[in-house]
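The values are calculated or read from the model by the stated rules, or taken from the named source; none is laboratory data. Keep in mind the model is a prediction, meaning the values are calculated, not measured. For neighbour counting, all protein chains shown are included, and Cβ atoms are generated from backbone atoms with ideal geometry for every residue, glycine included.
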Amino acid sequence: MAGLRLGTPPGRWTLLATVLGSSVAMLDATVVNVALPALGRELGADLAGLQWTVNAYTLTLAGFILLGGSLGDRYGRRRVFLVGVVWFGAASVLCGLAPNIPLLVAARALQGVGGALLTPGSLAIIQASFAHEDRPRAVGAWSGLGGVAAAAGPFAGGWLVDAAGWRWVFLLNVPLVALVVLVTVRHVPESSDPGARGRFDVPGAALAALALAGTTYALTEAPGGRSVPVVAAAGLGLAAAAGFVLVERAFGRGRRLPSGGAPPAPMLPLSVFASRQFSAVNGVTFLMYGAMGVLFFLLVLHLQVAGGFSPIAAGAALLPVTVLMLLLSARAGALAQRIGPRLPMAAGLAAAAGGTLLLARIGASPSYWREVLPAVTVFGLGLSAVVAPLTATVLATADERHAGVASGVNNAVARAAGLLAVAAVPPLTGLTGGALADPSRFARGFAAAMAVCAALLLAAALLSLLTIAGDVLRAPAGPPREPAARRHCAVAAPPLDPGPGPSDGRKGDENRG
């Protein structure tokens, strides 16, 4: 029963558990990038090994995050959240103790599974547990505190690498996980969706993960790789992607399984793409977060490999981006409500592209104040104008009963975009093999990669301008629900929205699985 009050001890404990839990998973999207040069040197990894260190986590997180939300709805959000937190902590220990890159990559993939279980549950617990009148303030506190964690993450990661070594970037998760488990067990109420029933879409989740894995391997290993494994992986990825679409379409039409059992609810109801606006805004998301994934992956590497920055200085270099997003995203959302999202999104994406081109000018031994700070500031200002309108448009262009699915799809699209872009763009721009050991070669590749990122952002701006309706946030059906995490610093993916809460008096979305 949703009835917690924010000002009471149970409410504060619940907020603490959800903020810490989501922050632990979110930080791995930014903190690990700072540690990549150090772990690469110790484990003898080339650039492809570092790509897999990042992508293994994103692969399983993107592949299973929708299934994780469905498990929480069915078996209890607190229970699945706890399983995800413990799983994440155990995988973090494996990461911290990994003696080589293959084992580190495997442990990172396990981390992503834990993240897929706990990430949807953190906000869903707040939505289901707090009284209706306190829920907006609870979500706002969750968003703001999570944003602070995102802002501090790269700086803290750099400090850990400098002071204690890269392994502590992972091992520090253990005491945080223990605290989350203790608080959750003692103070967080259980909740579930009484309408969640039927089978899970396990075939859809498996095919989605297989499609991403095969495509990612082919893109990462294609330059200089053996042709047979690369072609086989590409073929497997494409076949799995086609199979995923066919399975989701069949389940969406209610076709029974070969065994004769009732069909699962589709993990991705293809009916949500009946809206051209929804499809368009997900196209914008794909281009934008693909560019962001490459930028955040390569910038911290470039500042250390070619720029001579320490890990802590390289991590702190990104601080203006997160601070600007925290300060300005709510205002950008309000502006989009008044004038429509098309112009703010197009202008913000164009500004972000300009900032990316400024980043391409960063050479060897750059000045932070003259070269790095102006570029990341322009980039951060551009992102601040985009994220909140994008999230609002996703929710406004989907049927309200599909709000949770629409938000989850948009989140998964963003993570898949970052995964594929980080796999494809570095090899495309010459960042392969021993580029980490050659600062001048890395600098050339970095400049080319930033040009590609700028092109992706400009394409997203053009797509926004041509396809997003100016009045989409003032639809005749009524005003859209305000994005649940409008102040969240969404540098890895747009914030998840759990859909209508139990006290809204509406039945939960039956297609969230």
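Let's see how each residue does on (1) assigned by TED's automatic domain parsing to the domain that holds Arg441; (2) of a type in the set (A, V, I, L, M); (3) closer than 30 Å to Leu210 by Cα:
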| position | (1), (2), (3) |
| --- | --- |
| Gly315 | yes, no, no |
| Leu326 | yes, yes, no |
| Arg342 | yes, no, no |
| Ala396 | yes, yes, no |
| Arg415 | yes, no, yes |
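Hey, among Leu419, Leu383, Leu373, which residue is closer than 21 Å to Arg338 by Cα and either part of a helix (DSSP H, G or I) or of a type in the set (A, V, I, L, M) (or both)? Don't jump to the end; show me each part of the working.
On the way: Leu419 fails: closer than 21 Å to Arg338 by Cα; Leu373 fails: closer than 21 Å to Arg338 by Cα.
Every option except Leu383 fails the conditions.
Total residues in the range 20-33 satisfying the condition of being within 16 Å of Val300 (Cβ to Cβ) and either modelled with pLDDT of 90 or more or not hydrophobic (A, V, I, L, M, F, W, C) (or both): the figure is 3. Of the residues making up the range 95-127, those that are within 16 Å of Gly68 (Cα to Cα) and among the small types (Gly, Ala, Ser) number 8.
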